[in-house]
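Heads up, the thing below is written out as structure tokens.
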Amino acid sequence: MKKMNIVQFLGVFLILFTAISTSTFAQEEEKKDGFKFGGAVRYNIISESYESDPTTLNTYATWDTWRLNVDGTMKGLDMSFEYRFYPTFATHFIHHGWIGYNFNDVAYMKLGVSQVPFGITKFASHSWWFQGPYYVGLEDDYDMGIKFDLNFVENLDLAVAYYRQAEPEGPVYGGTSTFGNAGAGRYSYDITPDAANGASVRELNNFNIRAAYHVTEDIEVGVSGQFGQNYNSVLDDSEMSTAFAGHIVANFGNFNFKGEFVNYNYAAKLDNESDAEVLPMGAYGSAYPVATEANMYVAGLAYSIPVEWGPISNIQPYVDFTMFDKANSDFENSYHLIPGFLMSAGPIYAYFDLAMGKNQPWLTEDFGVGLGQGRTWDSGADPSMDYYNDGSHTDGEPVPVEDLGWNTRFNINVGYYF
């Protein structure tokens with residue numbers, strides 16, 4: 001597929017902009033000018049039991065993140081900005097930053113770095129760990145472009161968006177660009193160019209549409225679509241990238257259920273003109289290989305318990321689950337199971353998670369292994385040399401592989417939000 005003309009994408013929004021701005025719908029009451037500053041500080045307490053010695057616990061604490069927020073409005077223009085610092089990963093980056101304008105009671109525009117309208121928003125998860133779609137850029141993803149939130153029909157939330165590219169980049173882990181890390185200093189996962197390994201690919205010109213219908217006050221069903229380019233700068237050519245999702249969010253008394261099905265196909269050409277079976281995706285300053293095509297089955301259930309225990313006002317037990325069903329039959333599937341609970345006490349939110357994963361890239365002592373082939377390399381193999389092809393040594397000898405099995409990490413994340 002040849003590179004798409006940006007004018008073709010922007011034309012849709014110019015037409016929409018004209019129709020909206022000249023409409024006769026009543027304007028909402030003008031907001032008062034002013035800005036609010038805030039932020040958060042979060043810490044992790046970790047106890048890991050991973051593949052090489054599952055009988056031994058590795059326990060330690062880290063400074064997870066600190067962040068600064070600014071939100072406000074001036075002369076009818078809204079602004080929201082958040083910047084994050086991650087000391088553990090030696091990186092920092094913008095989370096979001098957009099200018100908003102309310103045309104009327106039907107249409108609201110966000111210009112800048114905003115959350116991509118796809119699947120369950122704001123989060124498909126209950127736990128601190130997100131759900132599986134996050135790790136392939138399809139949950140709580142942020143990109144740079146323009147988005148319209150529309151309410152033409154009662155009980156129907158419609159969003160359309162055009163994103164020229166991924167959000168701006170911060171430093172990569174360790175301050176150097178290694179193993180697909182170029183462009184990986186960001187909050188949400190995106191394809192990262194990796195010329196050293198023959199994958200000079202990046203995301204361009206993504207178009208998103210999301211429709212969510214409120215069947216009742218407590219039940220939402222929705223569908224989403226994403227279409228764009230995976231552009232190879234060496235070949236100066238692109239392949240069509242697609243993702244689709246159907247979701248349901250339902251509240252039954254104190255219960256909350258989130259269910260989602262996701263299909264994605266990150267079609268791309270490598271620098272040698274072969275079809276990519278895996279691509280590097282990165283965030284937090286480092287990258288890992290991801291299968292280019294898969295289905296995901298996502299489900300999460302939570303129960304809210306109001307309490308009056310000193311400052312503690314609510315406890316929410318939950319369990320989140322994702323299965324990655326990869327299209328390549330030679331790849332191992334990935335699983336993600338997170339039982340835990342959230343404790344709320346004023347400005348403090350504490351997540352207690354028993355995170356369990358099989359071929360989950362963060363739940364392994366060999367970070368990043370799992371969402372590609374989903375198999376370990378033998379001691380003589382260097383995965384950075386040949387992970388885009390069929391899993392063989394550079395000398396042509398086959399690499400013995402084995403199932404990673406289930407790994408476990410008990411994680412407590414304590415955050416103070418202000």
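Every read-out reported here was derived from the displayed coordinates using simple, explicitly stated rules and does not represent laboratory data. In this text, all values refer to a predicted model and were calculated from it rather than measured experimentally. Don't worry about glycine lacking a Cβ; one is built from the backbone with ideal geometry, like all the others, and counts go over all protein chains shown.
Please compare each pair in K258/K326; K122/K269; K75/K258; K32/K258; K110/K258 to a cut-off of 28 Å on the Cα-Cα distance and tell me which ones are over it. Violating the 28 Å Cα-Cα cut-off are K122/K269; K75/K258; K32/K258. Prolate is the label for the range 118-243. Its Cα gyration tensor axes, ordered a ≥ b ≥ c, give a/c of at least 1.5 and a/b above b/c.
Ranked for footprinting exposure by Cβ neighbours inside 10 Å, fewest first, V160, V278, V172 give V160, V278, V172. When DSSP beta bridges are restricted to pairs lying wholly in the range 195-287, around 100% turn out antiparallel.
Taking the Cα centre of the range 19-175 as origin and assigning +1 to Lys and Arg Cβ atoms and -1 to Asp and Glu Cβ atoms, the resulting dipole is close to 420 debye. Sorting I94, I120 from the fewest to the most surrounding beta carbons within 10 angstrom yields I94, I120. Applying 1/(1 + (r/R0)^6) with R0 = 35 Å to the Cβ-Cβ distance of D236 and N263 gives a FRET efficiency near 0.80.
Note on K122 and D366: the model spin-label points, each 7 Å out from Cα along the C-beta direction, lie 3.7 nm apart. Once both labels are positioned 7 Å from their Cα atoms along Cα-to-Cβ, the gap between F37 and L156 label points is 4.4 nm.
Put in line by how crowded their Cβ is, counting other Cβ atoms within 10 Å and starting with the fewest, W406, W309, W63 read W309, W63, W406.
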